[in-house]
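Below: one structure, written as structure tokens.
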Amino acid sequence: MIKLFFASSGSEANESAVKLARKHGALHLGGAYEIITLTNSFHGRTLAMMSATGKAQWDTLYEPKVPGFIHVPINDFDACFAAISHNTCAIMLELVQGEGGVNAVDPAYLQAIRKACDVYGIMLIVDEIQTGLGRTGKLFAFEHYDVQPDVLTLGKGIGGGYPLSAMLTKSKFDLFEQGDQGGTYAGAPLGMAIGLAVVKEIVRLGLAEQAAIVGSYAISKLQELARVYPLSNIRGKGLLLAFDVPESSAQSLVAQSMEEGLLINAPKPSTIRLMPPLIATKSDVDEMIRLLQQALARIGLAAS
């Protein structure tokens with residue numbers, strides 16, 4: 001059985017997961033409180049979630065940070081295993097890092113983490129604030145892997161623009177007693193009605209499947225564009241996509257694309273991220289490629 005706690009933002013959902021993990025550590029792991037997260041990860045903007053986040057540019061912001069978070073590189077199981085200690089109560093990760101530049105975990109890496117969590121009684125938290133509800137071409141990103149989390153966090157897409165998020169936990173980790181966690185708008189009737197309607201529409205319209213089809217088409221079109229323009233490392237799942245451009249040109253491309261009428265963003269100086277709406281069609285992709293090509297030409301990333 002799955003239990004849910006509803007909140008208003010992704011940060012709140014992730015904070016709830018961290019509190020649950022620390023209660024698990026207090027009850028079952030001798031007071032363990034540390035949580036392993038990944039470098040280049042993003043988990044929210046509250047002080048604790050900024051501490052959990054692995055963005056280097058946040059290291060010195062709003063000091064002192066909340067203690068108890070250890071960051072290790074993505075897809076480096078040896079580093080993760082070395083970080084596990086008697087103080088570890090959870091491992092929290094995004095299966096596809098959005099703000100980190102659309103970096104996906106490897107299946108073997110995630111399976112090894114799942115096994116380590118099982119062996120040591122550590123909670124596995126998967127942050128699907130950005131990837132959940134169809135974004136990666138499946139309803140949940142963990143469905144791309146033969147692994148299930150103990151705790152799952154959702155936000156963004158679950159409300160379709162309305163401020164709504166959720167933390168889901170398996171019965172094994174259903175540890176909150178009444179009053180342990182709450183929020184001003186937690187479980188508000190309007191939010192519940194909106195969330196239910198949004199999820200029903202995502203399923204009814206097959207938007208996860210649509211994202212997989214349109215995302216594959218977008219990758220093929222970007223690969224064609226890369227034969228002419230300096231695009232490299234085209235990657236992603238569903239409609240969470242990215243590619244690299246020459247160093248320090250990403251922001252210029254973002255600005256010029258905006259002038260052309262195309263909304264993209266640059267999570268890193270040489271990385272462009274694309275997140276079309278789940279209702280995007282192949283025709284929309286064709287228009288995106290046309291505008292992107294214009295922008296590339298106008299900032300001087302000349303055809304090779």
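Quick look at the numbers
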quantity: Candidates Ser41, Ser16, Ser51 - the one that is part of a loop (DSSP other than H, G, I, E, B), polar (S, T, N, Q) and under 25 Å from Tyr120 (Cα atoms); calculated: Ser41
quantity: Some residue of region 99-121 being over 11 Å from the mean Cα position of the chain (by Cα), touching a residue at least 60 places away in the same chain (Cβ under 8 Å) and either surrounded by fewer than 24 Cβ atoms within 10 Å (Cβ to Cβ) or outside any loop (DSSP other than H, G, I, E, B) (or both); calculated: yes
quantity: Residue match in region 235-244 (condition: assigned by TED's automatic domain parsing to the domain that holds Glu15 and not in a helix (DSSP H, G or I)); calculated: no
quantity: Qualifying residue in region 135-144 (condition: over 16 Å from the mean Cα position of the chain (by Cα) and surrounded by fewer than 21 Cβ atoms within 10 Å (Cβ to Cβ)); calculated: no
quantity: Unique match (being out of contact with any helix residue (DSSP H, G or I) (no Cβ under 6 Å at 6 or more places or on another chain) and among the small types (Gly, Ala, Ser)) among Ser11, Ser16; calculated: Ser16
quantity: Selection status of Ala186, part of a strand (DSSP E or B) and among the small types (Gly, Ala, Ser); calculated: no
quantity: Some residue of region 6-27 being out of contact with any Phe, Trp or Tyr (no Cβ under 8 Å at 6 or more places or on another chain), assigned by TED's automatic domain parsing to the domain that holds Leu168 and either modelled with pLDDT under 95 or surrounded by fewer than 17 Cβ atoms within 10 Å (Cβ to Cβ) (or both); calculated: yes
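The values are calculated or read from the model by the stated rules, or taken from the named source; none is laboratory data. Every value quoted in this text rests on a predicted model; they were computed, and no experiment measured them. Ideal geometry is used to build each Cβ from the backbone, glycine not excepted, and the neighbour counts take in all protein chains shown.
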